[in-house]
Amino acid sequence: MPEPSSPSPEPYKPDGSAIAGTGMGGQMDLGTSEAASVGRPPGGPDGTGPQDPDPSAASGGRARSLWSDAWHDLRRNPVFIISGLVILFLVVISVWPSLIASGNPLHCELADAQEGSRSGHPFGFNGQGCDVYTRTVYGARTSVLVGVLSTLGVAVLGSVLGGLAGFFGGVWDAILSRITDIFFAIPVVLGGLVLLSVITSNTVWPVIGFIVLLGWPQISRIARGSVITAKQNDYVQAARALGADSSRLLLRHIAPNAIAPVIVVATIALGTYISLEATLSFLGVGLKPPSVSWGIDISAAAPYVRNAPHALLWPSGALAITVLAFIMLGDAVRDALDPKLR
């Protein structure tokens with residue numbers, strides 16, 4: 001019995017199209033794109049089923065990563081949107097306070113002391129006759145400046161020291177651990193009272209330096225633990241086996257995958273640093289007049305809280321909203337960057 005002959009390949013036209021049999025003795029003219037799929041086996045790995053689509057093709061040709069997934073979640077998180085808008089507003093008025101406040105925060109009239117709100121002065125006046133609205137707007141500049149610069153200094157110093165200790169380990173890790181224990185034992189407010197009371201400078205730099213000095217151990221421990229976890233992953237071991245040196249391992253493979261916890265903690269701590277600056281200024285060891293700060297205004301309004309509560313309410317409210325906005329932002333970033341919470 002003769003064996004059935006296999007179908008012969010379809011003839012191709014000069015323009016790239018093909019003529020295929022219909023299976024019933026006729027022929028069908030195929031276009032170029034259709035001719036390319038003629039005779040092609042099914043797309044599955046074993047040729048029996050359709051091939052799964054490329055995950056990168058579904059996302060526009062780009063592979064999904066932790067950061068892209070986090071940004072995808074953040075854009076749909078109302079907490080992130082609200083806190084981000086509040087922080088954006090604070091940054092704008094910190095850079096250009098004259099956009100919404102045309103007065104001079106240092107101009108005071110004793111005849112207006114403790115007066116309530118009136119036309120052109122919606123927040124009233126404090127005990128020295130200064131416009132509370134203008135001082136509240138200009139006070140955002142100091143608080144945001146101290147918070148941002150302190151956070152950058154703490155994040156950089158803590159990440160470098162903690163990352164190196166976690167990567168190399170050994171005696172350096174032991175020494176750093178004992179140093180951080182010493183700094184953790186120092187009460188923050190008491191340390192500020194002792195260190196800043198002997199400094200006569202009226203700028204923000206002593207306060208920033210103090211916050212960095214006592215704030216880096218927390219970030220250092222976070223970075224150390226994150227680096228220890230990251231360097232045990234298979235891709236780091238594979239890169240080490242291929243001959244990658246320590247600097248390449250740390251900068252190209254470990255740091256990008258260990259920085260997320262540091263960002264989360266630093267974002268939440270930024271609000272804490274703003275609150276700490278206000279606390280130190282309230283106690284008289286942080287910023288001092290004629291600097292404009294929410295902590296200074298709260299301290300000046302405290303003796304007159306019964307007669308002029310508005311002078312205490314507005315700077316306190318601005319401080320509370322600012323700290324809350326940064327804490328909410330940090331919580332949203334933490335939820336987006338932590339795969340365990342997905």
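Give the residues of the stretch 291-306 that are open to solvent by 30 Å² or more (accessible area, probe 1.4 Å) and hydroxyl-bearing (Ser, Thr, Tyr), sorted by residue number. Before the answer, list the steps.
Narrowing the stretch 291-306 to residues open to solvent by 30 Å² or more (accessible area, probe 1.4 Å): 299-300, 302-306.
Passing the criteria: Ser299, Tyr304.
Mind listing whichever residues of the stretch 70-103 are open to solvent by 90 Å² or more (accessible area, probe 1.4 Å) and within 23 Å of Gln128 (Cβ to Cβ)?
Selection gives Ser102 alone.
Just one of the numbered conditions (1) closer than 20 Å to Val154 by Cα; (2) of a type outside the set (S, T, N, Q); (3) open to solvent by 30 Å² or more (accessible area, probe 1.4 Å) is not true of Pro309; which one?
Of the numbered conditions (1) closer than 20 Å to Val154 by Cα; (2) of a type outside the set (S, T, N, Q); (3) open to solvent by 30 Å² or more (accessible area, probe 1.4 Å), the odd one out for Pro309 is (1).
When residues of the stretch 250-290 are filtered for being surrounded by fewer than 18 Cβ atoms within 10 Å (Cβ to Cβ) and either outside any helix (DSSP H, G or I) or without any contact (Cβ under 8 Å) to a residue 24 or more places away in the chain (or both), how many remain?
8
Taking interchain pairs and intrachain pairs at least six residues apart, which have beta carbon atoms under 6 angstrom, with the first residue in the stretch 148-163 and surrounded by 24 or more Cβ atoms within 10 Å (Cβ to Cβ) and the second part of a helix (DSSP H, G or I) and hydroxyl-bearing (Ser, Thr, Tyr)?
Close Cβ pairs satisfying both conditions: Ser150/Tyr273; Gly158/Ser220; Gly162/Ser220.
Of everything in the stretch 291-325 that's touching a helix residue (DSSP H, G or I) at 6+ places or on another chain (Cβ under 8 Å) and not in a helix (DSSP H, G or I), which residue is farthest from Leu270 (Cα to Cα)?
Pass one, the stretch 291-325, residues touching a helix residue (DSSP H, G or I) at 6+ places or on another chain (Cβ under 8 Å): 291-302, 304-305, 308, 310-312, 314-316, 318-319, 321-325.
Imposing the further condition that a residue be not in a helix (DSSP H, G or I) reduces the set to 291-293, 305, 308.
On the way: Ser291: 21, Val292: 20, Ser293: 17, Val305: 29, Ala308: 31 Å.
Checking each candidate, the answer is Ala308.
Surrounded by fewer than 19 Cβ atoms within 10 Å (Cβ to Cβ) and either part of a loop (DSSP other than H, G, I, E, B) or modelled with pLDDT of 95 or more (or both) - does that describe any residue in the stretch 130-145?
Initial filter on the stretch 130-145 (surrounded by fewer than 19 Cβ atoms within 10 Å (Cβ to Cβ)): 145.
Going one step further and asking which of them are either part of a loop (DSSP other than H, G, I, E, B) or modelled with pLDDT of 95 or more (or both), we end up with none.
No.
Among the residues of the stretch 64-105, what is the count of those that are within 15 Å of the chain's Cα centre (by Cα), assigned to a loop (DSSP other than H, G, I, E, B) and closer than 21 Å to Thr142 by Cβ?
0
Tell me the residue from Ile222, Ile228 that is more than 21 Å from the chain's Cα centre (by Cα) and touching a residue at least 60 places away in the same chain (Cβ under 8 Å), please.
On the way: Ile222 fails: more than 21 Å from the chain's Cα centre (by Cα).
When all the criteria are applied, what remains is Ile228.
The values are calculated or read from the model by the stated rules, or taken from the named source; none is laboratory data. This one's a predicted model, so the numbers in the text were calculated from it and none came from an experiment. Because the Cβ atoms are built from the backbone with ideal geometry, glycine has one as well, and the counts that use them run over all protein chains shown. For the accessible areas, the whole protein counts, side chains as well, though only heavy atoms, and no ligand, DNA or RNA atoms are used. Shrake-Rupley method; radii C 1.70, N 1.55, O 1.52, S 1.80 Å.
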